[in-house]
Each structure stands twice: as structure tokens, then as C-alpha cells.
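These notes are about the structure you will find just below.
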Amino acid sequence: MAEYVHETGGPLFHIGRYVLMVRRSFANPERASMYWKETLRQMSNIGVGSLVIIMLISFFIGAVSAVQFAYNLSQSMVPMYFVGYVVKESMILELAPTISCLILAGKVGSNLASELGTMRLTEQIDALEIMGVNTFSYLIGPKLAAAITMVPLLVIVSAATGITGGLLAGSATGYVSSSDYLQGVLLQFVQKNVFIMLTKAAVFGFILTSISCYQGFYAHGSAIEIGKASTRAVVLSCIMVLFADLILAWLLLN
Amino acid sequence: MIEVRNLYKRFGSQEVLKNINTTFEPGKNNLIIGKSGSGKTVLLKCIVGLLTPTSGHVFFDEKDYVAMGIQQKNEIRRELGMLFQGGALFDSLSVEQNVRFPLDMFTKMSNSEKLDRVNEVLKRVNLVNANAKFPSQLSGGMQKRTGIARAIVMNPKYLFCDEPNSGLDPQTSIVIDELIMEITEEYQITTITNTHDMNSVVTNGDKIIFLHEGEKHWEGTRETLFMADNKELIDFIFASDFLKEARDVRLEKIKAKLSK
Ligand SMILES: Nc1ncnc2c1ncn2[C@@H]1O[C@H](COP(=O)(O)OP(=O)(O)O)[C@@H](O)[C@H]1O
Ligand SMILES: [Mg+2]
């Protein structure tokens, strides 16, 4: 374990160390009760901590989508209730998971990286290791478990808030009445799309959490490194989330 | 007993430790001294296994620690406590939870047994009525005490202290030094302390090894320290604030006596 902490290398070194880190994070914890306590703490940290910001942004994204789409439809023959349908489908399939996870990458990602980076530089991780604690399964395992369960829930909230945002904006601007909009929302329910949304959410949550933990866990040097590690965590998480989005779209829609 | 044999540590091309050989005995306060950057922390971390030596061996009671698997290492680690330079207390936990942590993690004690044990060690390090405080609310000396309490809560056979006096005023330093010394003798622990503070060297050094640029230049006891004929060691003694600080501390004590 200790061997790889102070070393650095090219992309292959980082990929290898990242894979080892993830594998060790799922090792059996010493004391299940401690692990659960930590998981619950992380769940509230990720879930409750980001709820308001995700709802706020999803609301506006839904509202803007509805208004813009209604404007385009108003010059065509397509019936207005279609706005509801399109907002719903685009929120579920793409906007809710992607936008939520980009927000989470910024908020939770930088948070996790600086938390672990601080623990590394103040030797708290060393202190755990000296006691014989498996630092991967104690520090990173609960964060991954919390992300995989909480991010899908947040994404469901995001989709619902976005659709509501569209409803309110549509009727406030007078483009589409709420009954028309709701008719569109209820037009067709594609179960597969909800499945895709939840899969994306879990995968993105895993990606952004593991990448951010990696950056913090292996931070070394002076205190400035913590800031740099959080920036790297956010940038890399965003890129990898979008990349995974592309791969998943291709895999799941075929 | 801990034995270090032919230990080398390299970071890239920088050779930080060169062929260290020595032994550390139980019930003794073993000191590693040397200037900042001489390799004290790296040596301590190689001994406890936080760093892997480039080559060489560390024996805990004749068992080769470097060659052990993770399972065996963890068994040794249950018998080992460490006080880190900055305390390394867990920020999100209170004093009580910090000290309790190893018990929660590794013992099957009941809650009340744990609490009794925590209060017992907190009392031992003279830290009472601070159970609910968080690390950020503690003074440097209190953080060190909490760190010591956490390090000894599992009754370790070996205790490691990295610069226990750093960031403390001279008075608090003496108190912490004395505490470490008492605990070492009371529980017959093998203690290894890193320091560049000459005050602790002359009061605490049952055995002293002096590092200079990663090499062991001298080894002896506090009694033989001032008869050493190693040039670097003599420079180290005279470059430290020791002589001046010793005078200041003495003056303080005399003043306190006079004002009584
Ligand atoms: N993780 C590391 N990577 C590279 N060099 C290191 C590392 N840790 C320590 N060093 C170097 O090893 C030398 C000894 O450091 P250290 O043991 O911390 O000194 P000190 O005696 O002050 O405790 C220093 O030159 C330091 O820069
Ligand atoms: Mg040091």
C-alpha cells in the first residue's frame, strides 16, 4: 500500500493505481458497523448537501427548454402538447443525469478531493494505516457506495423538477397551457429510458466519486497541492462523465 | 526490541537513508536526532512501514517486518502506536471519538468498557473535561496529548513519536517529554522519538542515534553525548537553541520560586 503513495508516473501508472484503488475499496471492511456509519454520513453529505442546487438548476433547464421548444413549435403545425413530451424525454434521457453529475463533479468532487487531500497531508491517512485500518475500504468504499445509491435518487429529483419547471414556464409565458403540457408528459412512458437514466446516474456517480477520491488520496507535497488536486478532480470528472455519456448512449440505445 | 539492519531508502535519485544499523530496547526512550531534513521522519516511517525501504530489514522482536504480508503486518500494527508531528487527529471526530476509534475498530469491548478505557488514558495524559471538544478547538499541547492518548489506548508494545515538541512552547514541550518518558517506563514500551530539540535529548535520551544527511554518525546515551568526538554532532549541539533555552527555562523556574 505504502509503496505507491509518493510516486508518480505517466498515464499508465495512474490508470493502474486507480484500478488498484477501486479494487481495494471494495475489500471486506474490518468492522461493518463502522463502515455503515461512514456510508450513512457520506449519503447525507452527497444527497442532502447537493439537493437544493440540483433542484434549482434543473428547474431552470426544464423551464428554458420548454420555452425555447414552444417558440419553435409555435411556427409549425405540431400540436403544442408536444412540448411536455419533449421536455420530459430530454430531461430523462440526457439533461437530468448529465447536468446533475456535472454539478456534482464540481460540488462533491472538489469536496471529496480536498477532504482526502487534507487527510493525506496532515497524516490522518497515515494514522489510520498505522492502526492497521484498510484505508481504501474505510475511506473510499463508503463514498463510492453512497454515490452509487444517492446519485440516481438525485437524478430522479432533477428530472421531476425539470419537468415541473417546463410546466410552470410554459403556462406563465402563455405558450402552452398546463393541461396541454401534462397531456404531453403522459403521452408515452418509455420504461427503457428511465432505466437508461438510472444507469447513467449510477455510472456517472461512480466515475466522479472515484476520480475525485483518487486525486485527494494520492495528493502529496505542500498545502497548495490540495487546491490543485480538487481542480484536477473537477476537470477530470467532468470530462470522464461526458465521455461515459457518449459510450453509454451508444451502448444502451443500440 | 526493534532492530534495523542495513536500511537504505532512496526517492528517485536522492539517497535519503544510507546503511542504517541499530537496535531499540524496551522500556527505553530511544531518540533519533539530527537537523531538519536529515532523514529522521523517513527513518521512522520506514520502521513503522508507512514507507518501504529500498533495501534492508526491520525486525520487531526478531520477526522481519519488511518481508511480512499485509495480514501479519496488521497484527504487528495492533501493537504499535504513533504520535504524528501535527497530531494527525481526525478532524470530524471529537477528542473522545478520536481516542475511542481504535477500540471501535478493533475490539469487541462494550460501550461502557470503551468509555472507561478512553477516560482512563485521557486522565493518564492529563486531559480531562475535553472529551467533547473537536481538534480545531484544542491548543497544540492538548492536540499532542490527545494524540498520545490515541496512540496508547490499545496498550501498544511500541510507541513512535515524530517531533513531539514541534510547535509547542518550551514549558509544554517539557511536560509532553516527561509524559512520554513516564509512559515508556510505566508500561515498558519500546519508544522511538524523533527530535531536534536538545532539551529533550539531555533529559530523555536513554539511547540516542544521531543522523546527518541520512547516515548514522553517532550512537550513545545522554551521559556520553557531550563527550562525543563527532564534528557534525558537536556542530548540531552548538547550533541548537539548547544552551539559551536551558538558561531561559531555569530563569523562569527561579522567578517562579522567588515570587512564591
Ligand atoms: N515522500 C518523499 N518524496 C521525496 N523526498 C522525500 C519524501 N519524504 C522526505 N523526502 C526527503 O528526504 C529528506 C529527509 O526528510 P525527513 O526525513 O522528513 O527529514 P527530517 O529529519 O526533518 O524529518 C528530505 O530531503 C526530504 O526532502
Ligand atoms: Mg521530520
Within the stretch B:38-73, of all residues that are within 13 Å of ligand 2 (Cβ to nearest atom) and polar (S, T, N, Q), the one farthest from the chain's Cα centre (by Cα) is B:Ser38
Note on the stretch B:28-37: residues touching an Asp or Glu at 6+ places or on another chain (Cβ under 6 Å) and either open to solvent by 10 Å² or more (accessible area, probe 1.4 Å) or within 8 Å of ligand 2 (Cβ to nearest atom) (or both) are B:Lys28
Among the residues of the stretch A:1-58, the number that are assigned to a helix (DSSP H, G or I), away from chain B (no Cβ under 12 Å) and under 30 Å from B:Pro53 (Cβ atoms) is 14
Of the residues in the stretch A:109-150, those that are open to solvent by 10 Å² or more (accessible area, probe 1.4 Å), over 18 Å from B:Arg78 (Cα atoms) and either touching a residue at least 40 places away in the same chain (Cβ under 8 Å) or not in a loop (DSSP other than H, G, I, E, B) (or both) come to A:Ser110, A:Asn111, A:Ser114, A:Glu115, A:Thr118, A:Met119, A:Arg120, A:Leu121, A:Ala145, A:Ile148, A:Thr149, A:Met150
Counting only residues that are open to solvent by 50 Å² or more (accessible area, probe 1.4 Å) and within 12 Å of another protein chain (Cβ to nearest Cβ), the stretch B:51-72 contains a total of 5
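The values are calculated or read from the model by the stated rules, or taken from the named source; none is laboratory data. Values in this document were obtained by computation on a predicted structure and should not be read as measured data. Ideal geometry is used to build each Cβ from the backbone, glycine not excepted, and the neighbour counts take in all protein chains shown. With ligands, DNA and RNA removed, areas are computed over all heavy atoms of the protein, side chains included. Shrake-Rupley method; radii C 1.70, N 1.55, O 1.52, S 1.80 Å.
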